[in-house]
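K.L.:
My structure is below; once you've seen it, I'll send some questions.
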Amino acid sequence: MRIKKFLLGLLILAIIATMATPVWAAPIEDIVIEKPVKNVIILIPDGTSLEVATLSRWYNGGKKHNIDDLACGLIRTYSCDAPIADSAPSSTAMSTGHKSSTGFVATLPDANTMPGLEPLDPSRRRAPVATILEAAQLAGKATGVVATCEIMHATPADFTAHSSNRSDYDTLSMQQVYQEVDVFLAGGKKFFTPEGRKDGNDLLAVIKENYQIVENTAQMHEVKSGKVWGLFAETAMAYDFDRDPVKEPSLAEMTQKAIEILSQDEDGFFLMVEGSKIDWAAHANDPIGMISDYLAFDKAVGVALDFAKKDGNTVVISAADHGNSGLSIGSEWTNSDYDVVPLSDFIDPLKRAKLTGEGIEKALNEDRSNIVEVMAQYYGITDLSEEEINAIKEAAAGKMNYVVGPMIGKRAKLGFTTIGHTGDDVPLYVYVPEGIDILSGTVENTDIARYMEKLLGLNLEETTKKLFVPARKAFEAKGATVSFDTSDPKNPVFVAVKGDIEIRIPVNTNKAFVNGVEHKLDGVAVFDGIGTNYVPQSAIDLMQ
Ligand SMILES: [Zn+2]
């Protein structure tokens, strides 16, 4: 009898224990967030198909990744007019909730043509749309972006700038300078200097006025609060395996520092972290680069999770923007025995490599006379063919990973289907504090933005209306005459005049000058490239 009672007690306890933390997993329509969370951290492993995670896990001895327990769904990555997306539209979908077109950064496309999409209102062609970072900022939250590429590269730009041309670094970087983001930690210093820009502007000087600039690991660690801009490399930062820890912090260290600073804001924060170069290594079919930066990415996820678990009011989301390379563990095309060999056949060749292809290029001397030695010492390949030696000798500058990557891939019995992006769904990972619904199922990439919007209690549509008003129409409605001053063609200025009031709004800045007196705007002014200037409502309000 007693034992029965005891067992019954245990059973009740067990039921109560499982009931104590009900987790509601649902598609976006069914998610209800009654009390918004304070902070959201989204971590994006760029161009990472699922098999990269699998291969990296075996490389790590089968040990679970930090991210593994968070898997909860699949994301469709297609863009508005094609089944394969590049980073620009796919991260735009996650940052704004709108699908877009190849090369488009936080901007609506020309048309939506993929099945199931609502047609685009033609008057909204190429209109900038608010990002979750901008919405969080308007709500008083601290914001930050961490990446290992140059900061104006597509994914970080998708959260902080607007242009229909991802290659227009001048425009994207100028907007970033005036976005008033609290923490930027990445590469790309060159593109803020007069020498590295087509417009010749010295944006480094502007950054210096508003930020603590840090350029190496020690400098970054010295900063404890305030606005900080890390410029750790002229262009992209190194792959983690090639990284000099004195010169460049790891992605995990940058994530830690960003959280340390942003979490001081009582209103909460939004942080985007990108493992940028998993994608670049995938393009090169360089498995070492992919593993290097996937593992570095997972450590950053660990940092974000540690904070979120302690904080209790933070959601952590992770999703790749799209797949890349069609990596397969095993390839019949190069190794007919691959399906019967032991794990070590795949992993040992990879384990012997100490650098990525990019690191190999740096380790070679100028006349590339030490190919055999370098490939043995740092890449673990001791059986180079004459043909392979010649290919390494002739590899173009900056392209070594495209040459040596496939050499190790073949020895590790890996397969690749392309050196470009792929159309696969990618896994969704979410960590929530108690009582918050988890987005799950097979969802659209745009649902990520919708989910973050709900989590933080923000409204992207309203934010777009507030930040991106077609300027001509709005000023003319107030009786002003408008013009576009292109006397300095590289720095055009939108001008509205009414009576003795003249308002000048330099494109890509958050400034308006009313009869010469400077006013700060809620966001940046954007020219869409096809005839329309968009300015924040706060600029329109300056005209009486
Ligand atoms: Zn990408």
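The values are calculated or read from the model by the stated rules, or taken from the named source; none is laboratory data. From a predicted model like this one, the values you see are computed outputs, not experimental measurements. Glycine also receives a Cβ, built like all others from the backbone with ideal geometry; neighbour counts cover every protein chain displayed.
K.L.:
Just need a number here: residues in segment 501-544 that are among the charged types (D, E, K, R) and part of a loop (DSSP other than H, G, I, E, B).
P.N.:
Residues flagged as among the charged types (D, E, K, R) and part of a loop (DSSP other than H, G, I, E, B) within segment 501-544 amount to 3.
Results for (1) at pLDDT below 90; (2) of a type in the set (Gly, Ala, Ser); (3) surrounded by fewer than 19 Cβ atoms within 10 Å (Cβ to Cβ), shown as yes or no for each residue.
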site	(1), (2), (3)
Ile3	yes, no, yes
Ile15	yes, no, yes
Arg57	no, no, yes
Ile75	no, no, no
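K.L.:
Turning to a different aspect of this structure: Could you look through segment 113-151, keep only residues that are touching a residue at least 60 places away in the same chain (Cβ under 8 Å) and basic (Lys, Arg), and pick out the one that is nearest to Leu262 (Cα to Cα)?
P.N.:
Filtering segment 113-151 for residues that are touching a residue at least 60 places away in the same chain (Cβ under 8 Å) and basic (Lys, Arg), the one nearest to Leu262 (Cα to Cα) comes out as Lys141.
K.L.:
Hey, can you tell me all the residues within segment 335-363 that are surrounded by 20 or more Cβ atoms within 10 Å (Cβ to Cβ) and not in a helix (DSSP H, G or I)?
P.N.:
Selection gives Ala353, Leu355, Thr356.
K.L.:
Quick one: Ser440 ticks every box in (1) over 30 Å from Ile288 (Cβ atoms); (2) within 16 Å of the ligand (Cβ to nearest atom); (3) small (Gly, Ala, Ser) bar one, so which box is it?
P.N.:
Unmet for Ser440, out of (1) over 30 Å from Ile288 (Cβ atoms); (2) within 16 Å of the ligand (Cβ to nearest atom); (3) small (Gly, Ala, Ser): (2).
K.L.:
Out of segment 378-417, which residues are surrounded by fewer than 14 Cβ atoms within 10 Å (Cβ to Cβ) and polar (S, T, N, Q)?
P.N.:
Matches in segment 378-417: Thr382, Ser385, Asn390, Thr417.
K.L.:
Identify all residues within segment 71-116 that are away from the ligand (no atom under 12 Å from the Cβ) and of a type in the set (D, E, K, R); write none if there are none.
P.N.:
The answer is Arg76, Asp81, Lys99, Asp110.
K.L.:
Turning to a different aspect of this structure: Being outside the structural domain of Phe527 (by TED's automatic domain parsing), more than 25 Å from Tyr78 (Cβ to Cβ) and touching a His at 6+ places or on another chain (Cβ under 8 Å): is that true of Gln175 here?
P.N.:
The answer is yes for Gln175.
K.L.:
While we're looking at this one, here's another question. In segment 285-329, how many are away from the ligand (no atom under 16 Å from the Cβ) and either at pLDDT below 95 or in a strand (DSSP E or B) (or both)?
P.N.:
6
K.L.:
Right, another one. Applying the selection to segment 473-500, what residues are in a helix (DSSP H, G or I) and free of Cβ contacts under 8 Å to residues at least 60 places away in the same chain?
P.N.:
Those that are in a helix (DSSP H, G or I) and free of Cβ contacts under 8 Å to residues at least 60 places away in the same chain: Lys473, Glu476, Ala477.
K.L.:
Sort out which residues of segment 254-273 are over 25 Å from Thr193 (Cβ atoms) and among the charged types (D, E, K, R), and write them in order of number.
P.N.:
Glu260, Asp265, Glu266, Asp267, listed by residue number.
K.L.:
Are any residues in segment 232-241 crowded, with 24+ Cβ neighbours inside 10 Å and in contact with a Ser or Thr (Cβ under 6 Å, 6 or more places away or on another chain), and if so, which ones?
P.N.:
Those that are crowded, with 24+ Cβ neighbours inside 10 Å and in contact with a Ser or Thr (Cβ under 6 Å, 6 or more places away or on another chain): Met237, Tyr239, Asp240.
K.L.:
If I filter segment 285-299 for residues that are touching a helix residue (DSSP H, G or I) at 6+ places or on another chain (Cβ under 9 Å) and under 30 Å from Gly140 (Cβ atoms), do I get at least one hit?
P.N.:
So far as segment 285-299 goes, yes, one or more of its residues are touching a helix residue (DSSP H, G or I) at 6+ places or on another chain (Cβ under 9 Å) and under 30 Å from Gly140 (Cβ atoms).
K.L.:
Of the numbered conditions (1) out of contact with any helix residue (DSSP H, G or I) (no Cβ under 7 Å at 6 or more places or on another chain); (2) at negative phi, Met407 fails exactly one; give the number of that condition.
P.N.:
(1)
K.L.:
Additional query: Outside the structural domain of Asn445 (by TED's automatic domain parsing) and acidic (Asp, Glu), is that true of Asp348?
P.N.:
Taking the combined requirement at face value, the residue satisfies it.
K.L.:
So in segment 147-184, with the set limited to residues that are among the aromatic types (Phe, Trp, Tyr) and away from the ligand (no atom under 16 Å from the Cβ), which one is nearest to the chain's Cα centre (by Cα)?
P.N.:
Phe184
K.L.:
When the residues of segment 35-49 are filtered to those that are out of contact with any helix residue (DSSP H, G or I) (no Cβ under 7 Å at 6 or more places or on another chain) and over 16 Å from Val430 (Cα atoms), which remaining residue is farthest from the ligand (Cβ to nearest atom)?
P.N.:
Result: Lys35.
K.L.:
If I filter segment 493-533 down to residues being surrounded by fewer than 17 Cβ atoms within 10 Å (Cβ to Cβ) and touching a Ser or Thr at 6+ places or on another chain (Cβ under 7 Å), which single residue comes out as farthest from Arg125 (Cα to Cα)?
P.N.:
The qualifying residue farthest from Arg125 (Cα to Cα) is Val497.
K.L.:
Does segment 422-464 hold any residues that are assigned to a strand (DSSP E or B) and among the polar types (S, T, N, Q), and which are they?
P.N.:
Selection gives Thr422, Thr442.
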